[in-house]
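Enquirer: Below you'll find the structure I mean.
Every number here is computed from the coordinates shown, using simple stated rules; none is lab data. This is a predicted model, so every value here is computed, not measured. Quick reminder, even Gly has a Cβ in these numbers, built from the backbone with ideal geometry, and neighbours come from all protein chains shown.
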Amino acid sequence: MDANPNIYTALQDIRFNLERPELREPITGLGTTQSGTVITAVYFYGPGDNYIEGTLLMSLAEYKTFAATNFLRDVNGKLNVRYFSIKATDLSGNVITIGDTNTGVGNGNGFACTVPKFTLDKPVIGGVKVRIRIRLLGDQVTITGP
């Protein structure tokens, strides 16, 4: 989190949803490409419509802090912008960081994001499971590491 970037929470079942809106504009009479293919459409792409889904594992105390800082709106109804980075360690101990080079904390590896949706599961035994959706506000995803 941006207030204390050295807090780690276990993340599992991660799913990146990376998408761009696509507009296909049909055309006629434009000719052919160099390979002889007839051009029948021009494609236009919008900004990234990207989000991450996954399950956070945390203690009840960590959840209380998480809910109090990540799911609040300001006086205009806008969700707070947060900065998260995802660090993954392989079996050899190599660490990679997944982030957005345009924004973030430290060396720019954090995602500028909002948390528009999460569900909570608190079993009788064990920690809190938070199924989360993180809306990425940047337009690029980068991976740094070995």
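Enquirer: Report the label-to-label distance for residue 14 and residue 60 in nanometres (one decimal), using points 7 Å from each Cα along the Cα→Cβ vector.
Expert: Going from the residue 14 label point to the residue 60 one covers 2.9 nm.
Enquirer: Scan around residue 50 for amide H atoms under 5 Å from its own, H built in the peptide plane at 1.01 Å from N, and keep only partners 5 or more places away or cross-chain.
Expert: 19, 136
Enquirer: Moving to a separate point now. Report, by chain and number, residues whose modeled amide H sits under 5 Å from the one on residue 85, excluding near sequence neighbours (fewer than 5 apart, same chain).
Expert: Here the answer is 111, since their amide H atoms fall under 5 Å of that of residue 85.
Enquirer: I would also like to ask the following. For a Förster distance of 41 Å, can you work out the FRET efficiency between the beta-carbons of residue 122 and residue 41, rounded to the nearest 0.05?
Expert: Efficiency for this residue pair is about 0.20.
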